[in-house]
Amino acid sequence: MRLRFWGVRGSTPTPQPENLRYGGNTPCLEFRSDAGSLLIADCGTGLRMLGKSLMKEFAGRPIRGNILITHFHWDHIQGLPFFGPLYHEANQFHIYSYRPRGGSLGETLGGQMTQPYFPVNMSAMRAKRKYAEVSNKPFELDDFHIRPARLNHPQGCLCYRIGNNGKSIVLATDNEPGNSKGDRTLREISKGADVLVYDSQYERPQLEHEKKGWGHGSWDEGVKICKECAVKELILFHHDPDSDDQAIDNLQQRARERFPNTRAAFEGMEITL
Ligand SMILES: [Zn+2]
Ligand SMILES: [Zn+2]
């Protein structure tokens with residue numbers, strides 16, 4: 001299985017020069033199974049460049065893929081209207097997430113393209129689209145095995161353990177530790193994983209004070225989970241908009257002192273398992 005990061009920033013895009021080594025686009029991950037099937041996780045602004053890359057790779061041949069969405073905060077869906085492959089009728093995408101409060105999955109995702117927010121609505125997207133609302137039950141997508149679980153985040157968020165050919169990557173973004181049920185669930189799903197991609201937006205003192213209740217995690221919680229659950233590698237993810245490259249280098253350094261096999265995610269980073 002191969003994973004490529006197209007967006008690693010939390011909350012809002014941050015295209016300032018001092019952030020560009022790690023990148024300013026919001027969450028978007030591309031997975032390819034050993035057999036070559038395409039799985040996208042989250043549709044932040046990084047999705048736009050993934051779309052361009054897919055159109056170049058497929059060069060007019062139909063693109064078929066599955067998309068997992070963790071939740072509906074803007075930083076995780078805002079790339080969707082700019083995902084070029086959705087505008088071509090030969091392509092086909094199957095989109096998965098939980099049913100949000102107040103509407104179906106399709107209605108909610110289309111909501112950001114209704115007026116006055118966007119010039120065309122979702123009917124301009126000619127690709128075949130299907131939506132599926134998932135619970136905590138594991139399911140198969142082509143040759144990927146997917147295990148969803150609920151994280152602790154305002155309005156909800158799903159964590160996904162993504163398995164292929166005996167390898168597994170846990171995507172746990174947008175999660176605030178300190179909720180005993182949520183903490184237990186995340187540890188269960190992370191057990192023995194090859195990689196944990198973890199929300200490292202804040203520092204522990206921020207979580208205990210001014211950022212309490214904002215729904216995010218810290219690098220040291222990621223370290224704890226990896227140690228307790230025998231996870232092989234920690235990827236710091238969902239970088240704070242106010243963390244410039246130097247600040248992220250610093251987080252990475254401190255995390256490595258406690259868990260050497262740690263890297264901070266950057267745009268273009270690839271992991272092959
Ligand atoms: Zn987020
Ligand atoms: Zn969020």
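In the chain, the longest principal axis of the Cα atoms and the axis of helix 245-258 are about 50 degrees apart. Note on Trp74/Asn261: beta-carbon distance plugged into 1/(1 + (r/R0)^6) with R0 of 25 Å gives a FRET efficiency of 0.20.
Counting neighbouring Cβ atoms within 10 Å and putting the fewest first, the residues Leu234, Leu47, Leu3 line up as Leu3, Leu234, Leu47. Residues of region 194-229 with the amide nitrogen closer than 14 Å to a label point 7 Å from the Cα of Arg187, along Cα-to-Cβ, please. Hits in region 194-229 for Arg187 at 14 Å: 221-229.
You can think of it this way: the chain between Lys56 and Asn136 has 25.3 nm of extra reach, that is 0.36 nm per residue less the Cα-Cα gap. Counted residue by residue at 0.36 nm each, then reduced by the alpha carbon distance between them, the extension gain from Arg254 to Lys128 reaches 40.8 nm.
Each of Arg204, Arg150, Arg101 has some number of other Cβ atoms within 10 Å of its Cβ, and from fewest to most they run Arg101, Arg204, Arg150. For the pair His88 and Gln155, label points projected 7 Å from Cα toward Cβ lie 3.2 nm apart.
A simple spin-label model places the labels of Ala230 and Glu270 3.1 nm from each other, with each point 7 Å out along Cα-to-Cβ.
Sparsely packed loop sites in region 140-206 (the GluC sites (Glu not before Pro) outside DSSP H, G, I, E and B with at most 10 other Cβ atoms within 10 Å) do not occur. In this model, which of Lys191/Lys211; Lys137/Lys227; Lys128/Lys167; Lys137/Lys181; Lys56/Lys128; Lys52/Lys167 are farther than 24 Å apart at the alpha-carbon? Beyond 24 Å between Cα atoms: Lys191/Lys211; Lys137/Lys227; Lys128/Lys167; Lys52/Lys167.
Under 20 Å from a label point set 7 Å out along the Cα-to-Cβ vector of Glu208, the amide N atoms of region 237-252 belong to 251. To the nearest ten degrees, helix 180-190 and the longest principal axis of the Cα atoms of the chain are 70 degrees apart.
If you run the Gaussian network model on the chain, springs between alpha carbon atoms under 10 Å, then out of Ala255, Ala132, Ala149 the most flexible one is Ala132.
Rounded to the nearest 10 degrees, the angle from helix 47-58 to the longest Cα principal axis of the chain is 60 degrees. Counting only Cβ charges, +1 for Lys and Arg and -1 for Asp and Glu, the dipole size of region 2-272 around its Cα centre is about 820 debye. Here the residues Val8, Val134, ranked from fewest to most Cβ neighbours within 10 Å of their Cβ, fall in the order Val134, Val8.
Take every DSSP beta bridge whose two residues both sit in region 132-271; close to 50 percent of them are antiparallel.
Rule-based calculations on the coordinates, nothing more; no lab input. None of the values given here were measured: they were computed from a predicted structure. For neighbour counting, all protein chains shown are included, and Cβ atoms are generated from backbone atoms with ideal geometry for every residue, glycine included.
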